[in-house]
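Undergrad: So that we are looking at the same thing, I have put the structure below in structure tokens.
The values are calculated or read from the model by the stated rules, or taken from the named source; none is laboratory data. Quick caveat: nothing in here was measured; it's all calculated off a predicted structure. When we count neighbours, we look across all protein chains shown, and the Cβ atoms used for this are built from the backbone with ideal geometry, even at glycine. Note: areas computed on protein heavy atoms with side chains; ligands, DNA, RNA excluded. Shrake-Rupley method; radii C 1.70, N 1.55, O 1.52, S 1.80 Å.
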Amino acid sequence: MRKFFTGYLTVFLLLLLTSTITAQNLPLDAQGWTVFTPSTDTRIIYVSSSDGNDASAETYTSAQVNDPFNPPASIKAYKTVAEARKQLRDNHPDWILFKRGDVWYEQLITNFKHSGRSADKPMLFGAYGNISLDRPTFKTGEASLLTTAATSPSTSGNNFSNFVAFVSLHGYAHERNPDDPEYTGSKNTGSFGCNWVRRSNSILFEDMKFDFYSTNLTFQASWATNELVIKNLTIRRCVITDAYMEGAHRQGLYINDSEHVLIEENVFDYNGWREGMSHTLHERQLGHNIYAQYQNGPGTFTIQNNIFTRASSHGVQFRCGGILNGNYFARNPLHSFNRGDFFPCINNDNVYQENVDIVGTNGETPRGLALELFDLHPDYNHECKRNIISNDMSGVYNSFAIRVSDYSAAIMGQPETNYKEDWPSYAYNLTIEDNIVYNHRRGIYILSDSAEDITVKNNIIQNPDFDNTVMEEISSGNHTNMIFSGNKYYSGAVANKLFKQDGTSMSFSQWSSATGDSGSKVEQLAFPNPGRTSADYAASLGFNRSFDAFITEARKQRKGYWRTAFTSLAINNYIREGYGLDILSSDPIPEIESNKLKMYPNPVSIDNVLTISSDNVANSTIRIIDLKGTMVYSKKSETRNLSIDVSKILKPGFYIVSVTTPESKVYNSKLIVK
């Protein structure tokens, strides 16, 4: 069944994962934190390095502790992690809680094999005590914070770790931090903060902090496979920084062999390298804040509302494709690199700023790209909409704001003269719309070998400080149905060099004649306060006017000290206001009002009948889409009431119901099937 993706419906479908119920089927509180409730048989295990005692420690039930996260002072906690771990029971919703502000020179867990009971009754590794204090900290030296037992290809036996949550803990490879008094000089060795190589379902990392590991987090199969072994993984509101290693390329987060992944509201900073270390150019090129390999999917993969800064190379290496929405990028050599061969590329409402270049031991390699799109499969509709790309700092001539490229150029970072390699690439069904490019050295470049149904419309490209092209196309390949319209172009280049096609510079009239560009203009626009940066934003909040001031505060985010001012939404809105744009809400596509569309019962049992009722339903098309983006139901209703036998078409899970009226208005609402 063909996947159904279109415009805002795509984004709304993915926002379903982050509404009042998480992908782990757990509710969120008013501040956006996951709510955990112990079961009657939950074993609660307290651990404190400051006042615990392994010899006298006890475990507790929910009946004995009114608020497990703020227990009475009389509780008897364990002292060591090793002894506390022994109390955990497999396939139970047991909780092991560590005291905030305490420090352990231990690993959290190795060779992990346990599971919780269900998605809404997980095993929990978390924190208790005074929320004004720092996360419980595990100083692991060169060792990992968390490793799982490897899973064999067999699906039988104890090869699974399901329904587990890790919340509000700090894994710190302190011996690898050159600024730590306990630094041992171990820059050529080191472990992963989390090395998850096990079959699993419904895994949550929330409010975790990882820093100074060689790679901070890794999720993948432990054997070569085309199988998706990790499902329903959520990483949210974590701080993931300072991963590095000499002699190897390392990542903030590496993920493969996974599906239904949500990465939201995290801070990723300074991963894959460290200034002053002897990194080769190759190491720098392959170190990223996030590296999402191509063997993820086909379920949804969403990266939204994060902060990505100072990566060795890529802010996000997104080879599998998916949703990249509402993120803030700054000071990465290449902000985001997105492949659409396996899943739609949706790149909307991001801010990309202050591209830099890589300087390695062997010299420079061209970077300075904001957004790279390649291999956009014809089975999907791909989007690049409402992004802001500004303030290029790279000094690289090939610094494009948006490049629709061939594979070799995208992977290898070849100079322009070598872009067209013998490696076929393609781009289909791509809409580049309503983006603002301001003082990013070069504008939009389309150079795929084959390109079809590409629309570039209503974009604003204004580069007054640079004398480079605003739009380029290599059309010597198979380019058909290319539409350029309604764009507003300007740069400091002379008039006959504003555009380029097949290597030939052109004036606007020549470009329009060659491409059919209609309704576009060359004109310089005035904005209220263009070119705002993170430094300006920090100053607006009363801090020093510097990028360092902004990112220093963003890295402090945690439960108990969560400030909305240091989220991507807040800084993105500040940047948007500088261009006279409306600000975005945290949920830009709210559910429709109840008087416009009613569904009952909702949630609905699998053996029940769902009724959709409203004046809007009459003569409208009703569609139901699952979390994979597959349309599982479509019917035109001639009356204002439509009844659906749930058992015949749906399975338990989350869905979006979309109603398209004869006037082409679209109403969306969430549906839960139990």
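Undergrad: When only alpha-carbon atoms are used, what values of Rg and Dmax, in angstrom, describe the chain?
TA: 25.6, 84
Undergrad: In percent, how large is the relative contact order of the chain, given Cα pairs closer than 8 Å and 6 or more residues apart? Spell out each step's value before the answer.
TA: Numbers: 1967 pairs, mean separation 48.1, N = 674.
The value is 7 percent.
Undergrad: At Thr621 and Ser450, where each label point lies 7 Å from the Cα along Cα→Cβ, what is the point-to-point distance in nanometres?
TA: 2.7
Undergrad: Next up: Dividing the Cα convex hull volume of region 101-249 by residue count, how many Å³ per residue is that?
TA: That works out to 118 Å³ per residue.
Undergrad: Another question, if that's okay. Tell me, what is the 1.4 Å probe accessible area of Thr189, in Å² to the nearest 10?
TA: Its accessible surface works out to 60 Å², give or take rounding.
Undergrad: Still on this structure, I have one more. Which value at 222 nm does the chain reach when only helices count, each DSSP H run of 4 or more adding -39,500 (n - 2.57), with the total divided by all residues and rounded to the nearest 500 deg cm²/dmol?
TA: -2500 deg cm²/dmol
Undergrad: Ok, one more. For q values of 0.10, 0.12, 0.14, 0.20 Å⁻¹, compute log₁₀ I(q)/I(0) with the Debye formula on a Cα-only model of region 203-323, without solvent.
TA: Scattering profile of region 203-323, log10 relative to I(0): -0.27, -0.39, -0.53, -1.05.
Undergrad: May I pose another question? Toward the positive end of the charge dipole of the chain, about the Cα centre and with charges on Cβ (Lys, Arg +1; Asp, Glu -1), which of Phe550, Tyr655, Asn232 goes farthest?
TA: The one lying farthest along the dipole's positive direction is Tyr655.
Undergrad: Moving on to the next point. Quote the accessible area belonging to Asp41 in square angstrom, nearest 10, computed with a 1.4 Å probe and with ligands, DNA and RNA left uncounted.
TA: For Asp41, the solvent-accessible surface is approximately 60 Å².
Undergrad: Oh, and also: Taking Lys86 as the anchor, which lysines have their alpha carbon closer than 22 Å to its alpha carbon, excluding any fewer than eight residues away along the same chain?
TA: Hits, sequence-local ones excluded: Lys76, Lys99, Lys113, Lys121, Lys139.
Undergrad: For the peptides 304-312, 93-101, what is the packing order when you average, over each peptide's residues, the other Cβ atoms within 10 Å and list the highest mean first?
TA: 304-312, 93-101
Undergrad: Kindly report, to the nearest 10 Å², the accessible surface of Met277 as traced by a 1.4 Å probe over protein heavy atoms only.
TA: Rounded to the nearest 10, that gives 40 Å².
Undergrad: If the cut-off is 15 Å between C-alpha atoms, which aspartates and glutamates fall inside it for Lys187, apart from same-chain ones fewer than 8 positions away?
TA: Here the aspartates and glutamates satisfying the reach criterion relative to Lys187 are Glu142, Glu175, Asp179, Asp211, Asp242, Glu246, Glu275, Glu283.
Undergrad: Once you have the Cα-Cα distance between Ala30 and Lys651, take 0.36 nm times their residue separation minus that, and quote the gain in nm to one decimal.
TA: Full-extension gain reported as 220.6 nm.
Undergrad: Quick check: pseudo-label points 7 Å beyond the Cα along Cα→Cβ at Ala514 and Ala526, how many nm apart are they?
TA: In this crude label model, Ala514 to Ala526 measures out at 3.4 nm.
Undergrad: I've got another one for you. Whole number in Å², please: accessible area per residue of the chain, 1.4 Å probe, ligands, DNA and RNA not counted.
TA: Value for the chain: 36 Å² per residue.
Undergrad: Tally the DSSP beta bridges in the chain and give the antiparallel ones as a percent, rounded to 5.
TA: DSSP beta bridges in the chain are roughly 20 percent antiparallel.
Undergrad: Ignoring ligands, DNA and RNA, please state the percent of accessible area on the chain from carbon and sulfur, probe 1.4 Å.
TA: Details: 11480 of 24560 Å².
With neighbouring chains kept in place, the figure for the chain is 47 percent.
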